[in-house]
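So the structure is just underneath, and the comments pick up after that.
Values in this text are rule-based calculations from the coordinates and carry no lab data. These numbers were taken from a predicted model, which means no experiment stands behind them.
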Amino acid sequence: MSPKGPYPKGVAKREEILRTALAIFSREGYRGTSLREVARSCGLSLPGLMHYFDSKEDLLAAILKKRDEHDFAAQHEVGGDPFKTISGVMRHNAEVPGLVQLYATLSAAASDPAHPAHDFFVGRYRDFRVTLAETLRERQSAGLLAADRDAEKLAAIIIAVADGLQVQWMLEPGIDMAGHIDYLVSLIDIVAPPPSSGE
């Protein structure tokens, strides 16, 4: 949706709303945050806030997209290694449970093709699978991963593990999400054993 009003001013206000909402959700949690609080912090009424978004779900998806931008920008210094990025993001997520709750709740609801955030999550998962699969193929070329491993399937499994760990962590906050991801990567980064003498 294009922000209404003078274009630069509308874009700037929409960015302010997203930055403010991201900070509030991080601090107060998904269930502890109302959109009225976000609107008030931005000097708007609730209808004024929604003037910049198609729906509540559209706003929530935009918040998660903004979170992704922040997370991946913050992890850029790890040299573009997506595994280190995942681990770093999981470590950061343990400090912002409200955003983890928002992600888990919205991603489940978005499985409905009619949900406003459906396309966002489909694209997010597709892009992430492609990036991870490319990295896995690079590791295969470097001899760090068995050449017969299916990179696309492994990528999907890694993402599923990360999402599943977040659900477990919401139920049991003592779980070390980043540590488990690091362990999974250590299991993946092995070269296949040499063929047996019978082959």
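Worth a mention:
- Checking the Cα-Cα distances for 9/56; 13/56; 66/153 against a 19 Å cut-off, the pairs over it are 9/56; 66/153.
- Cα pair count fraction exceeding 22 Å, expressed as % - the range 1-155: 50
- Angstrom value of the Kirkwood radius, inverse mean 1/r, which spans all Cα pairs in the range 67-188: 15.2
- Comparing the range 1-53 with the 2.2 N^0.38 Å rule of thumb, its C-alpha radius of gyration ratio is 1.11 (two decimals).
- Sum of -39500 (n - 2.57) over DSSP H runs of 4+, divided by residues of the chain (222 nm, nearest 500): -22000 deg cm²/dmol
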